[in-house]
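Undergrad: Structure in structure tokens, see below.
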């Protein structure tokens, strides 16, 4: 079991420890674990969720940057990687892994992009994140929250916001509201050029013909109105634009 002494949260690691037992139980219930599942927890902190997960899983692999916290996770069923999740090669873990974590909010977006690279090795992912980030992840086209993150993740995952979490569920309380989100990899992910996506959303208020400078006849061939703005296009539209750009570059 975790040590009874409290760890002082470190601001540089963006530490906010989840202490509400009802929220922890809801996360574990959402996973519906079996003893044979290979579970990877990112940012276990003081182990509040870790030991609850171990009541369902036979073992768990954890990734913890804070070496003091990593050293406190004393259980022979826990394999600890004292490492930065942003730099970790998740391909070292078995296919079908299930990833869970209360992610540091200061690195959540780059970490999501990093983890998306390993989507073909993942069964599902369940994360506690800033509510605003979750809303961006699941946003529909032509809504204020829709953007590059929405398209990039929806191209690889089916996502669902599960429930909101109040500030008081953490120690210390964060300045923002939180939410738990589920990500399940798509069987046939969309191929979208990241450079095209960056270019589009760096000029999200411009019309497509000005933001991407693709020939009008090409837009017509794809059935896309060049007067639309980047925020109006679906992930499927961006996949078609990617295929078009790839075809034109080989001609």
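Taken together, the values in this text are just the output of simple stated rules run on the coordinates, not laboratory data. What you are looking at is a predicted structure, and each value in this text was computed from that prediction instead of being measured. FYI the Cβ positions are ideal-geometry reconstructions off the backbone, even for glycines, and counts take in every protein chain you see.
Undergrad: Among 31, 228, 49, whose mean-square fluctuation peaks in a Gaussian network model of the chain (Cα, cutoff 10 Å)?
TA: 228
Undergrad: Under a GNM of the chain (C-alpha, springs under 10 Å), which listed residue has the highest mean-square fluctuation: 98, 67, 121?
TA: 67
Undergrad: Along Cα→Cβ, 7 Å out, is where each label goes; now give me the distance between the ones at residue 161 and residue 77 in nm to one decimal.
TA: Taking the simple label geometry, residue 161 and residue 77 are separated by 3.4 nm.
Undergrad: Rounded to the nearest 0.05, what FRET efficiency is calculated for residue 210 and residue 246 with R0 set to 25 Å and r the Cβ-Cβ distance? List each step's numbers first, then the result.
TA: Details: r = 22 Å, r/R0 = 0.87.
The formula returns an efficiency of 0.70 here.
Undergrad: A further question on this structure: Could you work out how far apart the two model spin labels at residue 86 and residue 140 are, taking each label as a point 7 Å from the Cα in the direction of the beta carbon, and quote it in nm?
TA: 3.5 nm
Undergrad: Set the Förster distance to 35 Å, then compute FRET efficiency between residue 95 and residue 25 from the Cβ-Cβ distance, nearest 0.05.
TA: Numbers: r = 28 Å, r/R0 = 0.81.
After rounding to 0.05, the efficiency reads 0.80.
Undergrad: Using a 7 Å offset from Cα along Cα-Cβ at residue 34, what residues in the stretch 72-100 end up with backbone N under 14 Å from the label point?
TA: Answer for this model: 96-98.
Undergrad: Sticking with this one: Springs between alpha-carbon pairs under 10 angstrom, Gaussian network model over the chain: which of 182, 136, 171 fluctuates most?
TA: 171
Undergrad: On average over all directions, what projected area in square nanometres does the stretch 194-250 have, based on the convex hull of its Cα atoms? Don't skip to the answer; put the middle values down first.
TA: Working: hull surface 13.8 nm².
If I average the Cα hull's projected area over directions, I get 3.4 nm².
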